[in-house]
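The values are calculated or read from the model by the stated rules, or taken from the named source; none is laboratory data. All values reported here derive from a predicted model rather than from experimental measurement. Quick reminder, even Gly has a Cβ in these numbers, built from the backbone with ideal geometry, and neighbours come from all protein chains shown.
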Amino acid sequence: MTSVSGITDPQFEDPRLLPAAMSLRDVSVAFHGRVAVRDVTFDVPANRVTALIGPSGSGKTTLLRSLNRLHDLTKGASVSGTILLGDTDIYQGGIPTTVLRSRIGMVFQRPNPFPTMTIYENAVAGLRFNGVKKKSVLDAAAESALTSADLWDSVKQRLNAHAATLSGGEQQRLCIARALAVEPEVLLMDEPTSALDPISTKRIEELMVELKKRVTIVIVTHNMQQAARVSDLTAFLLMGEDRAGEQIEVSPTLKLFSAPEDQRTLDYIQGRFG
Amino acid sequence: MTVTIKDAEIREHLRERSVATLRRRTYISGVMTALCWLAITFAAVPLVAVIYQLLRRGIPVIVKSGFFTTLPQQPTIFDANNTGGVSNALVGSLAVIVYAALFAVPIGVLMGVYLAESTSKFASLLRIITATMVGAPSILMGLFAFEVVVQQMHVGFSIIAGSFGLAVLVLPVLATATEIAIRNVPSTYREAGLALGAKPSTTSLKIVLPAASTGIVSGIILALSRAVGETAPILLVIGGAYAIAWHPNQAASALPFQMFQDVQSNYPSLQNETWGIALVLVGAVFIISFAARLWAARKKKVQR
Amino acid sequence: MTSNTSTDLRQAAEGHRPSAASRGVYEYVVLSAAGLFAIISLYFVGSIVWQALPAIRHQGLYLLTGTSWVSGGATPALSKFGGLSMITGTIETSLIAIVIAVVVGTGTSLAINLLLPSWMRTIAATTVELLAAIPSVVYGVWGMLVLAPLVISTVGPFLNSLPGGNAVFGTVVAGQSLLLAGFVLAIMVLPTYVAISREVIGAVPHELIEASLSLGATRWQTIWKTILPTGRVGLLGAGALALGRALGETVAVVLVIGQVNQLNFRPLQPGVTLASWIASQWGEAIGSDQMNALFALGALLMAASLGVSFISTRLVSRQRSLVNR
């Protein structure tokens, strides 16, 4: 293991040296020609948590949504550069968006279980979308995903209750289960705890560390402590002079929060702006 | 639930199904999306078709000399094209709508103010009644007008009976439009008025109503312009006279009424004349509603 | 005004909360307008029912189950007023109309909300609104003079040429038919349906659409499994509202349905509806017991449409509160 300046922990591994689940090369996102994120380049290490941090307006969420082509829905949005999932170019590689999105799951800011579906139906919704009909597989996947999302024990008696009957934290974990059930390689999380209370937040943070075994996670968070707690690699974005988000520093989390390379990163983590 | 299937098996089955069904899913989605496009096209076709017919068949009718200024004539076998004009129907329509407005506008607007400002039980009951009355069939307004004006008030078949039917028809529409216009006034206006020490009634009259006036006036214009084209409420009570009449107690004709009569006649010339009346009606409604919208939009801009 | 404005203002505002004591002329004027409308509405229902009573007393259930409509003239005891053909005709035309309007209208609303670029949305919405601004008699004239000949020349023969076409659709005789009436009604109620369904579909939270897509759903799967189920209550309300309109439409139907008092169930056959029968029989009915029978048909129509209208407003407001939760 190569040493990283400023880190003395012998257990430390540099996530940048691990195999990449996704690679971003010169990724820019523009809306109606106005650039919102410019030239982002880094690798997302497989089976690790990568955090995107930065003040509001720095384009964290915009960047995250380009990773599963959600910008395709927005009229006037354009993504340039290259984004690889494994070896596949997700924009030019000819992979259908439906397939892509079943390989890259997403969890949103506010819990958004399907309100007309039961807990069980929510958990297996993605499988059904993908053509799975076998009851035994659906049942097994529901249990597996709900267990992974730390929800199985509390809902196994009421799988046919509506999702709206769950608390906010439980709803968000249901959304995580829903995304996990499709067995994605990467899970994108867009400020997943911003609408939750501290206890629910803590549970989801613990869950993320647990989930690393199963899936690669990219999380956007406005909460630096959260990034420090859960992530292995942190990318810091900042709004440039033309109001487009730029990548300032991508470092192992331990290093970014202890000995950042860039003065602007230091200013940000010390709370001087944002 | 007992789990005997391992995660790896789920994953394998899922990937397999996902790939196996991908083509079909994409295909169905494409077909259904195309059907949505077809639906919106289909929805637009009648409008285009009707307007095309109105222009093609209506313009030759309305440019005929005397169309607006002469009384209708009954075609005969000697002169099958002798249809005359629509002067009586034009005057009748104007008279009917003016009297209807005199009755409906004040009550509708005041009632709308009440609905917007009151939180009482009666107001919420009235809101339900209003919403329900908006959906009441217009032919029933004709029956109602007959019972009240023609029979009970002994007025007979008359303009005012038609006006009454139309008034009852537009009342709930006017009230709803007024209510919405007032609710769209920012609550800060009212609070500011009250904070300056004005009485609630003064605040309503001097601040809220003027601020909502654009919305109320355009609502009135839209409702009345549509009411001009209504046939059913006046059909049963207006009497259908072949002379110019504008006095409330006189029987009269009206543009939609005459259309309805003419199109059912056996003379192609009379049937054809209905296109001219239709063009006048639709043209008037379109121009008036377009102008009202434009005016409201401009007013809004100026106020900002 | 002094520097101490904000507290002054608050006190002033609190001092003038509307209360029973502060009710002035203004409040009474407004209240009496509202009261007047309530009275008119009650009187509206009351007078139609009142005029219907003699017919209900004499004809009884025959009003609902009978098929002949004969006036006894000077001897009312011979009068037979059966409304079954009108009832079935109303149901048939409304059903045809509602099926077409819901299918086309839902597709239109989906296209407006999800497929059209934003600058075209306003244009499309205005276009649909313009459809609503065209008077119903104009649709009637168009249906009678333009569409009815088309039914005779093209649509009817085509439907009859299908296997079993005569048995299912009936043999085309005149263009005016239940099918044409249903079709014209569909066009007329489409704007009503689209206005509400567009709002309902537009109000489905974008997060749900994104959630669905990010699970690998296709656009149609998202529409079918997420958008439409989320909006189903409101869409039902929109359909009910359109149904209410279709039930009571009069003059357009008179011109395109054929006005034949027959119990017909095949779409290409002519028929009659409650409202169209009232309009067409009115001239000869005034002053006789037939008039009361027409009022009875009116009362039936009123019960149906007010009921449907009441249900639809409830459904639409329930959808609004569901989404804005």
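So here's what we get for this one:
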| item | result |
| --- | --- |
| Of residues in the stretch C:145-190 being closer than 18 Å to B:LEU47 by Cβ and surrounded by fewer than 24 Cβ atoms within 10 Å (Cβ to Cβ), the one farthest from the chain's Cα centre (by Cα) | C:LEU150 |
| Tally, over the stretch A:206-219, of residues that are crowded, with 20+ Cβ neighbours inside 10 Å and either in a loop (DSSP other than H, G, I, E, B) or among the acidic types (Asp, Glu) (or both) | 1 |
| Of all residues in the stretch C:106-135 being at the interface with another protein chain (Cβ under 7 Å from one of its Cβ atoms), part of a helix (DSSP H, G or I) and not hydrophobic (A, V, I, L, M, F, W, C), the one that is surrounded by the fewest Cβ atoms within 10 Å (Cβ to Cβ) | C:SER118 |
| Selection within the stretch A:231-244 - at pLDDT 90 or above and not β-branched (Val, Ile, Thr) | A:SER231, A:ASP232, A:LEU233, A:ALA235, A:PHE236, A:LEU237, A:LEU238 |
| Scan of the stretch A:135-162 for residues that are more than 9 Å from every other protein chain (Cβ to nearest Cβ), outside any helix (DSSP H, G or I), buried (at least 18 other Cβ atoms within 10 Å of the Cβ) and free of Cβ contacts under 8 Å to residues at least 60 places away in the same chain, ordered by number | A:ALA149, A:LEU151 |
| From B:ALA131, B:ALA136, residue being within 20 Å of C:ILE40 (Cα to Cα), assigned to a loop (DSSP other than H, G, I, E, B) and either in the same structural domain as B:ASN266 (by TED's automatic domain parsing) or without any contact (Cβ under 8 Å) to a residue 60 or more places away in the chain (or both) | B:ALA136 |
| Residues (outside any loop (DSSP other than H, G, I, E, B), without any contact (Cβ under 8 Å) to a residue 60 or more places away in the chain and among the basic types (Lys, Arg)) located in the stretch A:235-274 | A:ARG264 |
| Boolean, B:LEU236 is at pLDDT 90 or above, surrounded by 20 or more Cβ atoms within 10 Å (Cβ to Cβ), in the same structural domain as B:GLU117 (by TED's automatic domain parsing) and closer than 24 Å to B:ARG183 by Cα | no |
| Flag if A:GLY105 is surrounded by 20 or more Cβ atoms within 10 Å (Cβ to Cβ), among the small types (Gly, Ala, Ser) and either under 19 Å from the mean Cα position of the chain (by Cα) or assigned to a strand (DSSP E or B) (or both) | yes |
| Single match in C:GLN221, C:GLN259 (criterion: among the polar types (S, T, N, Q) and in contact (Cβ under 8 Å) with a residue 12 or more places away in the chain) | C:GLN259 |
| Positions within the stretch B:82-114 being surrounded by fewer than 23 Cβ atoms within 10 Å (Cβ to Cβ) and either of a type in the set (Ser, Thr, Tyr) or within 30 Å of C:GLU27 (Cβ to Cβ) (or both), in sequence order | B:SER87, B:VAL98, B:TYR99, B:ALA101, B:LEU102, B:PHE103, B:VAL105, B:PRO106, B:ILE107, B:LEU110 |
| Residue that is farthest from the chain's Cα centre (by Cα), among those in the stretch C:217-239 that are facing chain B (nearest Cβ under 9 Å) and not β-branched (Val, Ile, Thr) | C:ALA217 |
| Which numbered condition A:SER3 misses (of (1) more than 29 Å from C:LEU208 (Cβ to Cβ); (2) of a type in the set (S, T, N, Q); (3) modelled with pLDDT of 95 or more) | (3) |
| Flag if A:SER78 is hydroxyl-bearing (Ser, Thr, Tyr) and either at the interface with another protein chain (Cβ under 8 Å from one of its Cβ atoms) or touching a residue at least 60 places away in the same chain (Cβ under 8 Å) (or both) | no |
| Odd one out for B:PHE78 among (1) more than 21 Å from the chain's Cα centre (by Cα); (2) within 10 Å of chain C (Cβ to nearest Cβ); (3) over 30 Å from C:LEU115 (Cα atoms); (4) not hydroxyl-bearing (Ser, Thr, Tyr) | (2) |
| Filter result (of a type in the set (S, T, N, Q) and either closer than 20 Å to A:TRP152 by Cα or more than 11 Å from chain C (Cβ to nearest Cβ) (or both)) within the stretch A:117-134 | A:THR118, A:ASN122 |
| Boolean, A:THR221 is at pLDDT below 95, in contact with a helix residue (DSSP H, G or I) (Cβ under 6 Å, 6 or more places away or on another chain) and not aromatic (Phe, Trp, Tyr) | yes |
| Test: A:LYS75 is farther than 24 Å from A:ALA149 by Cα and crowded, with 23+ Cβ neighbours inside 10 Å | no |
